[in-house]
1. With every protein chain left in place, what is the accessible area of Val25 in Å² (1.4 Å probe, nearest 10)?
2. With unit charges on the beta carbons (Lys and Arg positive, Asp and Glu negative) and the dipole taken about the Cα centre of the chain, which residue among Pro15, Ala42, Gln65 sits farthest to the positive side?
3. Once phi is turned into θ = phi - 60°, what whole-Hz ³J(HN,Hα) does the Karplus curve with 6.51, -1.76 and 1.60 give for every residue of region 71-79, x standing for Gly and Pro?
4. Can you work out the accessible area per residue across the chain, with the rest of the protein chains kept in place, probe 1.4 Å, in square angstrom?
5. Would you kindly derive the ³J(HN,Hα) couplings of region 51-68 from the backbone phi angles with the Karplus curve 6.51 cos²θ - 1.76 cosθ + 1.60 (θ = phi - 60°), listing them in order in whole Hz, with x for Gly and Pro?
6. When the Cα centres of region 47-73 and region 8-31 are compared, how far apart do they sit, in Å?
7. For region 36-52, list residues with backbone N below 16 Å from a point placed 7 Å from the Cα of Asp11 toward its Cβ?
8. Could you tell me which label, among [x] 17, 57, 25, 0; [y] 16, 49, 29, 5, 1, 0; [z] 12, 30, 14, 8, 11, 17, 7, 0, carries the value of P(r) over Cα pairs in 10 Å bins from 0, in percent calculated for this structure?
Amino acid sequence: MKSIPLPSADDEIGPRRPGAIYQNVDGRFEVLALIRDPLRAAALLGRAGARWTVIVRDTLRPDGQPFPVGSAWTDSDYLIRPGKADSSSIAGAFARAA
């Protein structure tokens, strides 16, 4: 029996980097942090199999609070503004606050 290879984490994350803004049917989101550590991602998402997570804030809600997202980038997602490459400082701050 052959196993089906998993998509790469980069393919699942897509263009979501800190500072990026993207939109889909659920809202418009600013990416605050990208976490690639599987243990931290699993703890934040409450899923043992998580490999990564992005911390986002819904910019369409005035009271939008940061929350983790682990869903893969799809054709339903639309990049509004590209982000930056480094996420280490913001990711560390979110982990301390959580």
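1. Ignoring ligands and nucleic acids, Val25 comes out at about 140 Å².
2. Going by the Cα projections, it comes out as Ala42.
3. 7, 6, 5, 10, 5, 7, 8, 10, 7
4. Details: 6240 Å² over 98 residues.
So the chain comes to 64 Å² accessible per residue, rounded to a whole number.
5. 10, 6, 7, 10, 9, 10, 9, 6, 7, 8, 9, x, 9, x, 9, x, 8, x
6. If we compute the Cα centre of each part, the gap is 9 Å.
7. Flagged as within label range: 51-52.
8. Correct label, based on the coordinates given: [y].
The values are calculated or read from the model by the stated rules, or taken from the named source; none is laboratory data. Note that the coordinates shown come from a computational prediction; the quantities given were computed from them, not determined experimentally. Counting neighbours? That spans all protein chains shown, and the Cβs are built from the backbone with ideal geometry, glycine included. Accessible surface areas use protein heavy atoms only, side chains included; no ligands, DNA or RNA. Shrake-Rupley method; radii C 1.70, N 1.55, O 1.52, S 1.80 Å.
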